[in-house]
Amino acid sequence: MLKRKSKFLFLILTGLVLCPQIVEAKDKKKNLMYDGKSVTEWVGKLIYSKIDGKKKAMTAIKAIGEPAVPYLIKNLGKRDAFYWVAAALGELGEKSVPAIPKLISHLSDKYDRNADKAYEVIRQIGPKSVPYLVKALSKEKKFAPKLKLVKLLGTFGAQSKDAVPAIAKLLRNKNPDMRKAASLSLGNMGPTAAKAAAKELSNKKSYVRLAAAASLARMGASAKEVVPLLEARLLKEKKKDVKEAIKNAILNIKA
């Protein structure tokens, strides 16, 4: 009986010794190691170390690359960890696409630092974030995150063409900041947004027509197909500021 217990104890102790080695070997095989430390350890250092340690962890995570993304996503929900974890995802660029839904949710973070970081990192990830942003825009009700979504889509230009109908509607928004963001975003999207913006030139509200003209002016030559609409509207327009905006749009497009 005693021999059996001793043998059993020996097997347990052997397993405890070998287990880390097996895990480490597995991690090495999956490229989850860097400089003798696992990705879990590096993520821990990223969160809990002082600035020098965080910088070393960033270098390590960047070297590990895409396999580190799921480990980073798991820690995005930790308020105090968010900033640095998000920064690491940004460094990985489009490899971090799986993190976009969680990053979008942080655009409404009550901590401005985190919300601004989420915005910055989504931009770093790039155009592959567009389908997620379009979907989020269709559902978002809160002003601040919606404004960020509109601005983000604008940064990707024509690659955000699927967002054109939703953003064009925002030219009618009563809030001037939202109208301005929509106008700038559509302007960045070029010919894919020209017709949608030009359609708003006939809106009853002068501030909508003004925003539409401003977006077309931003498009320049790429909006040449709507020049006849601008010229027709110019003949009917009575508001001085809108008239000037239309003239400016025509000049920019023909330049």
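The values are calculated or read from the model by the stated rules, or taken from the named source; none is laboratory data. Small disclaimer: the values here were computed from a predicted structure and weren't measured. Glycine also receives a Cβ, built like all others from the backbone with ideal geometry; neighbour counts cover every protein chain displayed.
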Out of M58, M1, sole residue that is at pLDDT 95 or above and of a type outside the set (G, A, S):
M58
So, in the range 181-194, of the ones that are at pLDDT below 95 and farther than 18 Å from L133 by Cα, which residue ends up surrounded by the fewest Cβ atoms within 10 Å (Cβ to Cβ)?
P191
For the range 125-180, which residues satisfy the criterion of being surrounded by 15 or more Cβ atoms within 10 Å (Cβ to Cβ) and outside any helix (DSSP H, G or I)?
G126, E140, F156, N173
Matching residues in the range 195-209 (buried (at least 23 other Cβ atoms within 10 Å of the Cβ) and out of contact with any Lys or Arg (no Cβ under 6 Å at 6 or more places or on another chain)) number 4
Name the pairs whose Cβ atoms lie under 8 Å apart, with the first residue in the range 209-236 and without any contact (Cβ under 8 Å) to a residue 24 or more places away in the chain, the second assigned to a helix (DSSP H, G or I) and among the basic types (K, R), and 6 or more positions between them or separate chains?
L234/K243; L234/K247
Lone qualifier among L234, L229, L216 - being surrounded by 13 or more Cβ atoms within 10 Å (Cβ to Cβ), farther than 24 Å from A181 by Cβ and at pLDDT 95 or above:
L234
